[in-house]
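Okay, so here's the structure we're looking at.
The values are calculated or read from the model by the stated rules, or taken from the named source; none is laboratory data. Nothing here was measured: the structure is a model prediction, and the numbers come from that model. A quick note on method: Cβ atoms are made from the backbone with ideal geometry, for glycine too, and the neighbour counts reach across all protein chains shown.
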Amino acid sequence: MTSLIWFNGVLVPASEARIDPADRGLLLGDGLFETMRVAAGCVPLLERHLDRLTTGCVTLLLPPPDRIILRRAVDDLLTASGLVDGSMRLTVTRGCGPRGLRPPVQVQLTVMLTCAAATKAIPGPVRLGVSRYMRDGSSPLSQVKSLNYLPMVMARMEAVAVGYDDALLLDAQGNVAEASAANILLMLEDRLVTPPVEDGALPGTSRARLLEAGLCVEQSVPLIRIKEVKAAWLISALSLQPIAAVETHELGEDAEQERALRAFLFETVAS
């Protein structure tokens with residue numbers, strides 16, 4: 001991560017930024033975040049991320065941050081940091097409040113932007129273990145990137161502890177939902193499918209672009225059908241990562257499909 005961050009309207013060294021001990025994001029996870037790709041010195045999918053942030057704010061009954069200010073903040077941090085390729089994280093909390101769950105009547109948001117340079121290596125294949133944690137597609141919170149990420153944190157930690165690279169989360173009916181920090185794309189019956197949000201999948205930006213372009217379709221995939229999957233990938237705003245196996249079931253490769261997906265997601269100018 002670079003040493004500069006944008007914090008509540010001001011560019012400051014990260015070492016000097018301070019979160020108020022009464023901030024509800026710190027105390028209660030009361031807030032949202034967006035992780036965005038930086039390419040060629042800009043955030044090519046900024047408006048999509050701001051759209052999702054706004055939707056999340058509506059769900060959490062939060063006043064959305066001013067878009068004009070956020071766009072300027074992104075430009076200012078990119079210029080100040082000199083970042084060309086990498087990532088940027090936007091974090092928004094409900095700000096400070098009194099003790100307890102009830103928020104203040106007048107909300108003053110805490111807004112923070114951080115950025116980090118890209119790693120050179122393309123992520124390699126991952127092996128997934130099925131997690132005991134589940135995704136609830138019927139909950140409005142399953143469709144927002146809230147700061148309450150403990151189920152995903154625990155799922156990843158427990159998977160790694162027993163020798164996997166990441167966790168596969170299911171819904172209550174045993175359908176594939178997503179990984180701990182990425183959507184899932186599966187080659188099933190010679191077409192690309194991705195779990196629907198009703199099965200607990202987060203509406204990711206890369207996932208949305210693939211659906212809009214007709215490059216994949218939504219379809220429920222029961223875990224018992226995983227043996228029919230020819231190849232699969234984790235997709236996020238930052239990466240495309242092949243899945244080598246789901247527990248003991250080894251998956252195949254599709255280099256041609258992967259090249260096409262990578263080109264569409266990361267080598268074209270997207271809005």
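Kindly establish whether Leu215 is touching a residue at least 12 places away in the same chain (Cβ under 8 Å), farther than 24 Å from Leu150 by Cα and either touching a strand residue (DSSP E or B) at 6+ places or on another chain (Cβ under 9 Å) or among the charged types (D, E, K, R) (or both). Step through it out loud before you land on a result.
Values: touching a residue at least 12 places away in the same chain (Cβ under 8 Å): yes; farther than 24 Å from Leu150 by Cα: yes; either touching a strand residue (DSSP E or B) at 6+ places or on another chain (Cβ under 9 Å) or among the charged types (D, E, K, R) (or both): yes.
When the stated conditions are applied, Leu215 passes them.
Being in contact (Cβ under 8 Å) with a residue 60 or more places away in the chain and over 13 Å from the mean Cα position of the chain (by Cα) is the filter; apply it to segment 27-44 and report the residue that is surrounded by the most Cβ atoms within 10 Å (Cβ to Cβ).
Applying the filter and picking the extreme gives Gly31.
Counting residues that are within 30 Å of Gly174 (Cβ to Cβ), which strands (runs of 3 or more DSSP E) fully inside segment 85-147 reach at least 2? Reasoning before the result, please.
Values: elements: 86-93, 110-117, 126-134.
Once the strands (runs of 3 or more DSSP E) in segment 85-147 are filtered for at least 2 residues that are within 30 Å of Gly174 (Cβ to Cβ), what remains is 126-134.
Within segment 221-239, restricting attention to residues that are surrounded by 17 or more Cβ atoms within 10 Å (Cβ to Cβ) and free of Cβ contacts under 8 Å to residues at least 60 places away in the same chain, which residue is nearest to Ala182 (Cα to Cα)?
Ranking the qualifying residues of segment 221-239, first place goes to Ile235.
Can you pull out every residue in segment 140-164 that is charged (D, E, K, R) and within 17 Å of the chain's Cα centre (by Cα)?
Lys145, Arg156
Looking only at residues that are in contact with an Asp or Glu (Cβ under 7 Å, 6 or more places away or on another chain) and either modelled with pLDDT of 95 or more or farther than 19 Å from Leu238 by Cα (or both) in segment 111-130, which one is surrounded by the most Cβ atoms within 10 Å (Cβ to Cβ)?
Among those that are in contact with an Asp or Glu (Cβ under 7 Å, 6 or more places away or on another chain) and either modelled with pLDDT of 95 or more or farther than 19 Å from Leu238 by Cα (or both), it is Leu128.
In this structure, is Thr205 buried (at least 21 other Cβ atoms within 10 Å of the Cβ), out of contact with any strand residue (DSSP E or B) (no Cβ under 8 Å at 6 or more places or on another chain) and in contact (Cβ under 8 Å) with a residue 24 or more places away in the chain?
Considered against the rule, which asks whether it is buried (at least 21 other Cβ atoms within 10 Å of the Cβ), out of contact with any strand residue (DSSP E or B) (no Cβ under 8 Å at 6 or more places or on another chain) and in contact (Cβ under 8 Å) with a residue 24 or more places away in the chain, Thr205 comes out as yes.
In segment 16-55, how many are touching a His at 6+ places or on another chain (Cβ under 6 Å) and among the β-branched types (Val, Ile, Thr)?
The first filter runs over segment 16-55 and keeps only residues touching a His at 6+ places or on another chain (Cβ under 6 Å), leaving 34, 36.
Right, trim to among the β-branched types (Val, Ile, Thr) and you get none.
Total satisfying the criteria: 0.
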